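What follows is a set of notes on a single structure, which appears directly below.
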Amino acid sequence: MASIWQYANPRKFIDTTDRFLPWLSALALVSLVVGLVWGFFFTPEDYRQGSTVKIIYLHVPSALMAINAWLMMLVASLVWIVRRHHVSALAARAAAPIGATMTVIALVTGAIWGQPMWGTWWAWDPRLTSFLILFLFYLGYMALWAAIENDDTAADLTSVLCLVGSVFALLSRYAVNFWNQGLHQGASLSLDKEENVADVFYHPLLVSIAGFILLFVALVFLRTQTEIRARRMRALLARERLQ
């Protein structure tokens, strides 16, 4: 069986992901269209929240991906620290803007969903606050990459930042469990079936989540390829300047 580390080779990574990208993109598109159309147009209004409950099909998947994007960056950063594989560092860099975008979507849709229920667009709720801090970590991570010329030094420093930011990624996920106070409701999805939303909302939500996951993977593959090529271009330009 081939080792997973073979994909640390940039050419191998690009060749392999090129084969998967069309299929991932198509599956992501189909899942998103089916999940969102099913959820927004073919589910009933909630008896208490009315039509605003349908924001769940954007809010929950984007929030889930905002957290898991950072955790994916954490794994990639640890691989860089331990194995010094450039593809892993570039994959973490590639995932950051996607994760930041997901965080913005989650914050905006959460505010739209929360305003009719809570009477306010924002509250310093434990989960909301930790989510906002996570977004600031995303911005800091991207700014640190942009500020440092040497790619290896940038990868080292952003990996450390990623380790620290992971605390807030986990807090964003489990804040409701850590603190009872706060306006934010409990988890919409849980291993305990009694805590899940009703089946009529649950099934299209799963399809939407699948679409967001596939979209995230496709975008990370595409952006990592771009980062690999950009790094190669910088190396060639630096070599020309030395000649």
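Among the residues of region 110-126, those identified as closer than 16 Å to residue 61 by Cα and touching a residue at least 12 places away in the same chain (Cβ under 8 Å) are 110, 112, 113.
Scanning region 114-143 for residues that are out of contact with any Phe, Trp or Tyr (no Cβ under 7 Å at 6 or more places or on another chain), under 17 Å from residue 166 (Cα atoms) and among the aromatic types (Phe, Trp, Tyr) gives 131, 135, 138, 141. Residue check: residue 4 meets all listed conditions (1) open to solvent by less than 60 Å² (accessible area, probe 1.4 Å); (2) without any contact (Cβ under 8 Å) to a residue 24 or more places away in the chain but one, namely (1). Residues that are in a helix (DSSP H, G or I) and farther than 17 Å from residue 138 by Cα within region 79-108 comprise 79, 80, 81, 82, 83, 86, 87, 88, listed in sequence order.
Could you please give the count of residues in region 14-49 that are open to solvent by 20 Å² or more (accessible area, probe 1.4 Å) and not in a helix (DSSP H, G or I)? Qualifying residue count for the region: 7. Does residue 130 count as modelled with pLDDT of 80 or more and closer than 20 Å to residue 63 by Cα? So residue 130 fits the description; yes. For region 112-129, name all the residues that are among the polar types (S, T, N, Q) and surrounded by 15 or more Cβ atoms within 10 Å (Cβ to Cβ). If the condition is that a residue be among the polar types (S, T, N, Q) and surrounded by 15 or more Cβ atoms within 10 Å (Cβ to Cβ), then 129 is the only one that fits.
How about region 69-82: which of its residues are within 23 Å of residue 210 (Cβ to Cβ) and touching a residue at least 40 places away in the same chain (Cβ under 8 Å)? Across region 69-82, the qualifying residues are 69, 70, 71, 72, 73, 74. Right, residue 230: surrounded by 12 or more Cβ atoms within 10 Å (Cβ to Cβ) and either free of Cβ contacts under 8 Å to residues at least 60 places away in the same chain or outside any helix (DSSP H, G or I) (or both) or not? Yes, satisfied.
Within region 132-162, the set of residues being outside any helix (DSSP H, G or I) and open to solvent by less than 60 Å² (accessible area, probe 1.4 Å) comprises 148 only.
The values are calculated or read from the model by the stated rules, or taken from the named source; none is laboratory data. In this text the structure is predicted, and so the values were computed from the model without any measurement. Methodologically, a virtual Cβ is constructed for each residue, glycine included, from the backbone with ideal geometry; neighbour enumeration extends over all protein chains shown. The protein model used for the area step is the full one, side chains on, heavy atoms only, and it has no ligands, DNA or RNA in it. Shrake-Rupley method; radii C 1.70, N 1.55, O 1.52, S 1.80 Å.
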